[in-house]
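Values quoted throughout were computed directly from the atomic coordinates according to the rules given, and no laboratory measurement underlies them. None of the values given here were measured: they were computed from a predicted structure. Cβ sites come from the backbone with ideal geometry, for glycine too, and all protein chains shown count toward neighbours.
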Amino acid sequence: MTSPELELTHCIEFSSAHRLHDPALTDAENAKLYGPCNNLNGHGHTYRLEVTVRGCVPRSGMIIDLNVLRVIMHEEVFDHVDHKHLDKDVAFLAGRISTAENLALAFWERLAPPIEKRGGGQLVRVRVYEGSDSFVDCFGV
Ligand SMILES: [Zn+2]
């Protein structure tokens, strides 16, 4: 008998600095577009990453082993971004303007292959909170 599909979510938090700045624009255009987020020396946020995996419940009772999911999230995201400057220190974000939208896309690209390879469920959502009151959902790339 096959179980219905369930969704399992694991959450981590990290703190990072960044600056919203498009090198294709002038300084004045950047200041107008991004406002205080364009501050020359950057600014910081506490981010929250929620990763949701969907699947049927096998005999083990686990869609994906939470320890495996936690290790993947740390290896692919946390270890690269926590207490780092997203625009200066994080190679996989090079060339992207470090909005929450672009973080969600980049995190999906890093998380989907190892979850598929080492997990059992399917990655269905990457949610990135920038601060506590707004977030972005990515459902695939
Ligand atoms: Zn910001």
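Assorted remarks:
- Stokes-Einstein D in µm²/s, Kirkwood radius over Cα pairs - the chain at 20 °C with 1.002 mPa s viscosity: 133
- Charge sum, other residues only, whose C-beta stays under 9 Å from residue 128's C-beta, Lys/Arg counted +1 and Asp/Glu -1: -2
- Computed over neighbours whose Cβ is under 14 Å from that of residue 80, the net charge equals -3, Lys and Arg +1, Asp and Glu -1.
- Our estimate of slack between residue 141 and residue 91, defined as 0.36 nm per intervening residue step minus the Cα-Cα distance, is 16.1 nm.
- Each listed q (0.13, 0.18, 0.20, 0.26 Å⁻¹) maps to a log10 I(q)/I(0) for region 1-76, found by the Debye formula over equal Cα scatterers with no solvent: -0.61, -0.78, -0.86, -1.11.
- Near residue 87, the amide H atoms lying under 5 Å from its own belong to 19; only residues 5 or more places off or on other chains count, and H is placed 1.01 Å from N.
- Whole-Hz couplings from phi, Karplus 6.51/-1.76/1.60, listed for region 23-34; x for Gly and Pro: x, 7, 9, 6, 4, 5, 5, 5, 4, 5, 6, 9
- Helix 100-118 and the long axis of the chain differ in direction by around 30°, with both axes built from C-alpha atoms.
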